Each structure stands twice: as structure tokens, then as C-alpha cells.
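Report on the structure given below.
The values are calculated or read from the model by the stated rules, or taken from the named source; none is laboratory data. Everything quoted here is computed from the prediction, not taken from an experiment. Note that we place each Cβ from the backbone using ideal geometry, even for glycine, and neighbour counts take in every protein chain shown.
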């Protein structure tokens with residue numbers, strides 16, 4: 001009895017062990033790569049025939065037929081777009097035979113694409129760009145300017161006209177309504193300011209007995225920071241020339257209405273809101289204005305400004321074509337911007353004949369800056385803060401002034417708080433700040449007292465940021481025009497040569513915009529849909 005029970009027990013143990021062994025092998029295939037207990041196989045050596053030239057040719061033909069990104073150009077030399085995945089690199093003069101151009105950013109909608117990136121660098125050497133901003137002329141004396149105006153420019157160390165100044169100054173002096181459209185940082189301010197000053201000096205001789213606060217020229221722009229900047233340049237020139245200028249900023253309009261200041265002024269620089277209110281109550285008389293300039297006109301003609309602005313323009317009676325010799329024949333209009341919205345002419349139609357505008361454009365308009373490398377990172381929300389902190393700390397070590405752009409005021413303020421808590425000296429700037437708090441922040445950054453500035457798009461238009469070496473788009477912009485203006489904070493005339501732009505790309509809408517930018521580079525076309533609508537941006541922020 002005992003022997004029989006022992007025999008049955010032994011049989012059961014053997015059966016259980018065999019089942020456990022077979023089950024373990026099936027459930028854990030990694031054991032096959034474990035030297036302990038893994039089956040061993042003898043090496044079997046197979047003889048291979050040598051690869052012939054015919055084999056290589058057949059292999060090349062097969063790859064050419066089955067390749068998804070068939071190219072008509074063999075990549076050589078400088079990579080215009082250098083990608084994390086080299087198969088998506090794009091080279092100078094490279095073209096594509098397929099209708100669908102391969103994009104490095106096309107698959108960025110997938111969650112697994114996080115961590116991917118590509119770099120755009122259109123020119124290999126900075127030296128290739130030494131004459132990027134200039135035309136044929138080497139002196140302002142060749143532009144039919146008076147000697148005293150040329151001397152005043154020399155006093156502020158402006159010796160040679162840029163290409164857009166060379167093309168614009170004669171047109172504005174001729175008295176025509178003018179649209180100046182050129183890339184950011186190419187000298188558009190002096191392109192309109194210099195001829196306006198020369199006109200005002202001549203008009204002053206005939207119109208000496210004007211009452212106070214009756215300007216001959218009005219320059220309007222969308223932000224207080226830009227108005228201050230233009231006023232500074234005009235004031236510098238006024239030290240050497242017989243004209244007066246004044247800058248009006250909003251924020252204390254009621255105080256100015258209760259205690260108005262009356263002064264002799266030839267050129268008035270202001271934002272549209274304060275100018276509209278002070279002229280409505282009669283503190284400023286705009287009936288005698290002979291020339292009105294709208295700087296950053298794409299923003300000024302936006303939904304948030306155009307109704308107010310059109311009322312102002314109707315008061316100044318824009319003429320179809322102003323006669324430069326007749327100081328009493330209507331008012332001349334000049335528009336200046338780095339982008340031309342498609343709605344511009346329809347908006348202006350109520351106060352000026354669109355076909356009266358003489359267009360002066362740059363061949364580089366609506367193009368990616370060729371001399372500024374741009375890196376596009378595909379990041380998740382949680383990856384952005386540490387990446388930002390790493391980039392900013394490196395910039396501080398290299399003493400590189402940095403601008404950080406975000407789409408919302410809350411994000412702008414949070415970035416400043418986060419960087420400050422991590423030992424980075426930073427300030428913030430946005431349009432929701434009280435005027436007293438906001439005043440002077442950009443000037444402190446420009447002077448180098450603040451190395452990092454976190455801001456919204458209020459700092460992307462027209463401001464002279466020639467000291468900036470790094471722009472970080474923490475939030476990628478929602479509109480192509482905002483992208484153009486933000487990138488234009490670097491690579492300007494007299495900017496450092498080794499400046500760059502870094503873009504963080506997260507959401508589906510941002511990826512779609514990056515697809516369009518990459519496509520424009522690969523196909524050597526203009527950036528598409530360069531429009532902006534500030535009202536829609538404000539609605540998006542809320």
C-alpha cells in the first residue's frame with residue numbers, strides 16, 4: 001500500500017515538473033537569450049558568392065523605385081533643413097518630383113513624435129549676408145535730400161541708406177500716397193521719417209503762424225513702446241534740424257484732458273486712442289495735417305483699431321495724389337509694415353482710393369530670415385518648462401539677451417515667476433499691465449539691465465531689438481504674421497551675427513502652421529496667409 005502510494009506521488013511530481021518547464025518556455029521567450037538553460041545551436045557557415053557590380057546596380061534601381069521621397073536632385077553640400085531624422089534633410093537647390101513633398105513635421109500630430117526637431121539655416125556662412133540690407137547707393141546724398149538733413153543723419157551715425165530707404169524716400173518725397181512693405185529690421189522707420197522731416201521743414205517756412213497743438217505731420221503706431229522709440233529717433237534728428245516733435249502716450253488721457261498742454265509741434269507721434277480723444281475734444285487740431293503715417297499698418301488696420309483709425313483719417317482728408325509743391329492740397333498717407341494683410345485695401349477704401357497707393361516692397365517680403373538659424377522642437381506640455389530653463393541658463397552664461405514670447409498674459413507672467421524662482425533675472429511685459437507698471441520695462445531690457453524679457457506679442461511689432469541674440473517662442477504663434485514679426489526681433493540691421501530663434505511646437509494648430517513654414521522653405525515660396533487679426537487673438541487669450 002505504501003509502495004503504491006509512493007509510486008503515484010512520484011509520477012505526479014514528474015508530470016508537474018514537465019508541465020512547469022514547458023509552460024515557462026512558452027510564457028517567457030526572453031529565456032531563449034539567457035545562457036542558463038537556453039538551448040545551444042551549432043554554427044552553420046554558409047558560403048556566399050561575392051557581390052558584383054550588377055547586383056549593386058539592381059539594388060540601387062530597386063531603392064529608387066520603392067522610395068517614398070523620390071528626389072530629382074542628389075543631396076550635396078549645405079543642408080538648408082537639417083532634421084533629427086536625416087532622411088528628411090533638405091539641401092540647397094533640392095527639388096522634388098512627387099506631388100506630395102516630404103515634411104519632417106508631417107508626423108508631429110502623433111504622440112510618439114515628441115522629442116523630434118529640425119533646424120532651418122538658409123545660408124551656410126554669415127559672410128554671405130554682408131550686403132543683405134543694402135542696395136547700390138552708398139550715401140544719402142544720392143537721394144535728393146537736403147544737405148542739412150544728410151548732416152543730421154551723420155550726427156546720429158547713419159551713413160548709408162538701406163535698400164528699402166533707397167527705394168522709399170524718393171517716392172514719399174514726390175507726394176504720393178505710399179505703402180512701404182519690407183522685412184523686419186531693414187530700416188523702415190527712417191524710410192518714412194526722413195522724407196517727412198524734410199517736407200515739414202519746407203512747410204514750416206510757409207505756415208509759421210499756426211496755433212499750438214496743430215501738427216503738420218502725424219505718426220501713429222499700435223503700442224506705446226513703439227511710439228516712444230520713434231519719438232526718440234525724431235528727437236535726435238531735431239537737435240540738428242529746425243523742426244519740433246512730441247510724443248503722446250495713453251494711460252493718463254483723462255488727466256491730459258483736464259490739464260491740457262499747449263505747445264508748438266510740427267510732428268506728432270502717438271497711439272491712435274489718445275490722439276482720437278484729444279482731437280475730439282479740440283485739444284489737438286488735425287485739420288492742418290499734411291502727412292499722416294501709420295507704422296505697423298497691418299496691426300493698425302485690424303478689427304481692434306480700424307473703426308477708430310478710419311474716423312481719424314477722415315478728419316485729415318486724405319487726397320488722391322498730393323502735390324509736393326502745394327502745401328494746401330489735402331493730406332498725404334504713408335503706410336509701413338513688415339506684412340501686407342489681404343484686407344488692407346478694402347478697409348482703406350472708405351477714406352482713400354486704394355489705387356492711389358504707390359507700393360514700395362522688398363523682394364524678401366514674407367520670407368523666412370535667411371541669416372537666422374531657427375530650431376523647431378516638437379514638445380509636450382510637461383517638456384516645455386525644463387527645456388526653457390535649460391536654454392535660458394545657457395544664454396545667460398553666454399551673455400545673450402533673450403526674448404520669450406507666449407500667446408497669453410497668464411503664461412507670460414508665469415514664465416517670469418518660474419524663471420525668477422530658478423535664479424534667472426527676468427521681467428515680464430504685456431498689454432494688460434497698468435501703464436505705470438509697463439512704462440520703461442522694455443527700455444531696461446534694451447539697455448541690458450534686464451537680460452531676459454517674457455512678453456506677449458506687444459513686443460513683437462516694430463521695436464528696435466538689435467541687442468537681442470535669442471528669441472524663444474514658448475508658445476508657437478497662432479498666425480503667420482505673428483511668426484514673421486516675432487522672428488524679426490533678431491537678424492536686424494546692426495544685430496549680432498550669431499542670433500537665433502527657437503520654437504516650441506505642441507498643439508495641432510501650431511503643427512499645421514509649422515507644416516506651412518517648412519513647405520515654403522522646401523519649395524522656395526513665400527510664406528502663405530500672412531494675415532493677423534488682433535481681435536481674434538485677444539478672444540483666443542481669454
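Descriptive notes on the structure:
- Of all residues in region 432-440, none are touching a residue at least 40 places away in the same chain (Cβ under 8 Å), in a helix (DSSP H, G or I) and under 24 Å from residue 385 (Cβ atoms).
- Residues of region 492-506 that are touching a helix residue (DSSP H, G or I) at 6+ places or on another chain (Cβ under 9 Å) and either assigned to a loop (DSSP other than H, G, I, E, B) or within 12 Å of residue 185 (Cβ to Cβ) (or both): 497, 498, 506.
- Conditions (1) surrounded by fewer than 19 Cβ atoms within 10 Å (Cβ to Cβ); (2) without any contact (Cβ under 8 Å) to a residue 60 or more places away in the chain; (3) farther than 30 Å from residue 110 by Cβ: number failed by residue 389: (3)
- For residue 341: the one exception among (1) farther than 30 Å from residue 214 by Cβ; (2) at pLDDT 85 or above: (2)
- Selection count where residues are under 13 Å from the mean Cα position of the chain (by Cα) and closer than 12 Å to residue 184 by Cα, scope region 355-379: 5
- Qualifying residue in region 128-149 (condition: out of contact with any helix residue (DSSP H, G or I) (no Cβ under 9 Å at 6 or more places or on another chain) and farther than 30 Å from residue 521 by Cα): yes
- Scanning region 229-260 for residues that are without any contact (Cβ under 8 Å) to a residue 40 or more places away in the chain and touching a strand residue (DSSP E or B) at 6+ places or on another chain (Cβ under 9 Å) yields 231, 232, 235, 238, 244, 245, 246, 247, 248, 256.
- In the condition set (1) under 23 Å from residue 170 (Cα atoms); (2) modelled with pLDDT under 80; (3) out of contact with any helix residue (DSSP H, G or I) (no Cβ under 6 Å at 6 or more places or on another chain), residue 320 is compliant with all but (3).
Table: residues versus (1) crowded, with 18+ Cβ neighbours inside 10 Å; (2) in contact (Cβ under 8 Å) with a residue 12 or more places away in the chain.
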residue: 131; (1), (2): no, no
residue: 160; (1), (2): no, yes
residue: 164; (1), (2): yes, yes
residue: 185; (1), (2): yes, yes
residue: 189; (1), (2): yes, yes
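- So residue 437, is it at pLDDT 90 or above and either farther than 26 Å from residue 116 by Cβ or in contact with a strand residue (DSSP E or B) (Cβ under 6 Å, 6 or more places away or on another chain) (or both): no
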